[in-house]
Amino acid sequence: MSHVFPRHTKSELPVAAGGDGAYLIDADGKRYLDCGDAAVSCLGHSNPAVIRAVQQQVEQIAFAHTGFMTSEPAEALADLLIQHAPGGLDRVYFVSGGSEATEAAIKLARQYFLEIGQPERRHVIARRQSYHGNTLGALSAGGNAWRRAQFAPMLIEMTHISACYEYAEKPEDESSFDYGQRVANELEAEILRLGPETVMAFMAEPVVGATLGAVPAVEGYFKRIREICDQYGVLLILDEVMCGMGRTGHLFACDHDGVAPDILCIAKGLGAGYQPIGAMLCTDKIFGAIRDGSGFFQHGHTYIGHPVATAAALAVVRELTEGDLPARAGRMGSKLHSALEAAFGQHPNVGDLRGRSLFRGVELVADRETKTPFDPSLGIAGKIKKAALAEGLICYPMAGTRDGRNGDHILLAPPFIIEEDQIGELVSKLERSFSAVL
């Protein structure tokens, strides 16, 4: 009998015993093509440079609390990230994961306005069907109704505008650009409703991950969002925890949209699974307000800036940048999209194939013509997850795509090292999984 508290008490899970490139291997020796571990394993499971960096750092120094000392790998990693970061991002605050990064971003935004003498700014605006993490602050910012429901009485009051979800929410008689401008302008309307002097930040994912299934914004949407934030003095927080670190073809996903945030959150691909790590990046303007004011960011966790975690992430980011792996993700992502189109482009239960580079979503529907989702009682996403595991494929099926209850999608996030024959393997295994369930 296991004493581990699992995510789901009614699931029997295989035991992960090994990793080989793009594959996970269970205790029985079965190999699983890993294309859906929450977009973490961008380098696969056996990268020698990262493994060596972890081993060497453990031998040198395992831990040093950041309240007393900094460390060489943390300093080097921060320098490397800022070297490639967009806009005026200039400082890096390390954490242990994505929820911690978005939580830190919310708290930094609040303290920034306190430091500059605008204590009335307290509201955060986010988007419906977004996901920003599972701590109470991050969950408050998230707009997924199902994830929020049972904790709603404990959540911080935040408001949510429409997602930029072209497939399901754009009217047929509206252009993509006009649709994007219209839903972006909801931000201005919400700022004015709350009172411009009370709004501190807007938070969004450049490509929405878990809750919508790799939905990118339409062209021009984020440029309009940036204009609105600038007009009203609102900080733009971009959550790239899932879509960043090369996953969508750029080291930072917002580069695709030609915008730069005031605060940016990363995790997952930053450590590539070799160590738990995340980071919050902010501009020098925000950092300077703390430095020249109280001098102390009133936040922190024991393991932030952990030397072994930052050493692993330093090796990961070097692999990504020196090997030009975001560009490779772009090329292989195009091949994956073509393969998905060939296999599922006319499938009666596939409504939309979307995403960027190696971040792909497949939305499943009961009726392709009307875009009607499956009845949630059928549990389509969960059944496909089980069928895919049986086929030796790890993907990321999720229910509640449309509104937190209705809708199903499959999220695909293969490692950047995936080869063409493995793309064929992925699609073949997904076809058999669909056949078994649909």
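Using a basic spin-label model with each label point 7 Å from the Cα along Cα→Cβ, how many nm lie between His8 and Gln60?
Distance between label points: 4.2 nm.
Give me the dipole magnitude in Debye, nearest 20, for the chain about the Cα centre, with unit charges on the beta carbon: positive for Lys and Arg, negative for Asp and Glu.
Charge dipole of the chain: 820 debye, to the nearest 20.
May I ask you to work out the translational diffusion coefficient for the stretch 381-422 at 4 °C, viscosity 1.567 mPa s, via Stokes-Einstein with Rh from the Kirkwood sum over Cα pairs, reported in whole µm²/s?
113 µm²/s
Using the alpha-carbon centroid of each, what span in Å lies between the stretch 44-59 and the stretch 110-155?
36 Å
Enter the mean projected area of the convex hull around the alpha-carbon atoms of the stretch 289-438, in nm², rounded to one decimal.
One quarter of the hull surface, i.e. the mean projection, equals 13.3 nm².
For the stretch 172-246, what does the alpha-carbon gyration tensor say about shape, rounded, prolate or oblate, given a ≥ b ≥ c as the root eigenvalues, a/c under 1.5 as rounded, and a/b over b/c as prolate?
It is oblate, given that a/c is not under 1.5 and a/b is not larger than b/c.
With 26 Å as the limit, write out which pairs from Lys10/Lys335; Lys30/Lys386; Lys107/Lys170; Lys268/Lys385; Lys170/Lys383 have Cα-Cα distances beyond it, or answer none.
Cα-Cα > 26 Å for Lys10/Lys335; Lys107/Lys170; Lys170/Lys383; rest within.
Please compute the Kirkwood hydrodynamic radius over the stretch 159-316, one decimal place, Å, based on all pairs of different Cα atoms.
17.2 Å
Can you give the three extents of the C-alpha atoms in the stretch 100-246 along their principal axes, from longest to shortest, in whole Å?
45, 34, 32
What FRET efficiency do you get for Asp79 and Gln298 if R0 is 30 Å and r is their Cβ-Cβ distance, rounded to the nearest 0.05?
0.70
Describe numerically, in nm with one decimal, the distance between label points set 7 Å from Cα along Cα→Cβ at Phe68 and at Met1.
4.1 nm
Percentage of Cα-Cα pair distances in the chain greater than 38 Å, rounded to whole percent?
Summing the P(r) tail past 38 Å for the chain gives 19 percent.
State, to one decimal in nm, how far the label point of Ser334 lies from the label point of Ile156, with both points 7 Å from Cα in the Cβ direction.
Distance between the two pseudo-spin positions: 4.2 nm.
Over all Cα pairs of the stretch 119-205, how is the pair count split among 10 Å bins, expressed in % and running from 0 up to the last occupied bin?
With a bin width of 10 Å, the distribution comes to 17, 43, 32, 8, 0.
What is the distance in Å between the Cα centroid of the stretch 336-387 and that of the stretch 388-412?
First find each Cα centre; the distance between them is then 9 Å.
What per residue convex hull volume, in Å³, do the alpha-carbon atoms of the stretch 242-377 yield?
Given the Cα convex hull of the stretch 242-377, per-residue volume reads 186 Å³.
Any chance you could run the full-extension gain for Gln181 through Arg432? It's 0.36 nm times the residue separation minus the Cα-Cα distance, nm to one decimal.
Full extension of this stretch gives 86.4 nm more.
Give me the base-10 log of I(q)/I(0) for the stretch 148-196 at each q in 0.18, 0.31 Å⁻¹, Debye formula, one uniform scatterer per Cα, rounded to two decimals.
Here the Debye-derived log intensity ratios amount to -0.71, -1.09.
With every atom except the alpha carbons ignored, what do you get for Rg and Dmax of the stretch 22-83, in angstroms?
Values for the stretch 22-83 (Cα only, Rg and Dmax): 16.1, 46 Å.
Give me a comma-separated list of calculated 3J(HN,Hα) values for the stretch 91-101, in order, Karplus coefficients 6.51, -1.76, 1.60 applied at θ = phi - 60°, integers in Hz, x for any Gly or Pro.
After applying 6.51 cos²θ - 1.76 cosθ + 1.60, I find 10, 10, 10, 7, 9, 10, x, x, 4, 5, 5 Hz.
Rule-of-thumb check for the stretch 308-386: C-alpha Rg over 2.2 N^0.38 Å?
1.52
Work out the FRET efficiency for Ala49 and Ala16 from their Cβ-Cβ distance, taking R0 = 22 Å, and round it to the nearest 0.05.
Calculated transfer efficiency: 0.50.
Determine the principal axes of the Cα atoms in the stretch 1-135, then give the extent along each, sorted from largest to smallest and rounded to whole angstroms.
Largest to smallest, the principal-axis extents are 61, 40, 31 Å.
For a bin width of 10 Å, list the pair-distance distribution of the stretch 60-166 built from all Cα-Cα distances, rounded to whole %.
With a bin width of 10 Å, the distribution comes to 12, 32, 34, 19, 3, 0.
Among Val40, Val215, Val365, whose mean-square fluctuation peaks in a Gaussian network model of the chain (Cα, cutoff 10 Å)?
Taking springs between Cα atoms under 10 Å, the residue moving most is Val365.
Whole-Å semi-axes of the stretch 233-316's equivalent ellipsoid, largest first, each the root of 5 times a Cα gyration tensor eigenvalue?
Three semi-axes, in Å: 23, 20, 9.
Applying the Karplus parametrisation 6.51 cos²θ - 1.76 cosθ + 1.60 with θ = phi - 60° to the phi angles of the stretch 306-313, what ³J(HN,Hα) value in whole Hz is obtained for each residue in order, glycine and proline being reported as x?
So the Karplus estimates, Gly and Pro as x, are 4, x, 6, 5, 6, 5, 4, 5 Hz.
Computed over the Cα atoms of the stretch 345-384, what is the ratio Rg over Rh, Rh following Kirkwood?
On the Cα set of the stretch 345-384, Rg over Rh gives 1.00.
Is the shape of the stretch 178-218 rounded, prolate or oblate, going by the alpha carbon gyration tensor and its root eigenvalues a ≥ b ≥ c, with a/c under 1.5 for rounded and a/b larger than b/c for prolate?
Because a/c hits 1.5 or more and a/b fails to exceed b/c, the stretch 178-218 counts as oblate.
Classify the stretch 349-411: rounded, prolate or oblate, from the alpha-carbon gyration tensor (a ≥ b ≥ c, eigenvalue square roots; a/c under 1.5 rounded; otherwise prolate if a/b is larger than b/c)?
Taking the square roots of the gyration eigenvalues as a ≥ b ≥ c, the stretch 349-411 is oblate.
Name the residue, out of Gly351, Gly407, Gly288, whose mean-square fluctuation peaks in a Gaussian network model built on the chain with Cα pairs under 10 Å.
Sorting by GNM fluctuation, first place goes to Gly288.
Every number in this text was worked out from the coordinates using simple rules, so none of it is lab data. Just so it is clear, the structure is predicted and the values come from calculations on it, not from any experiment. All Cβ positions, even for glycine, are placed from backbone atoms using ideal geometry, and neighbour counts span all protein chains on display.
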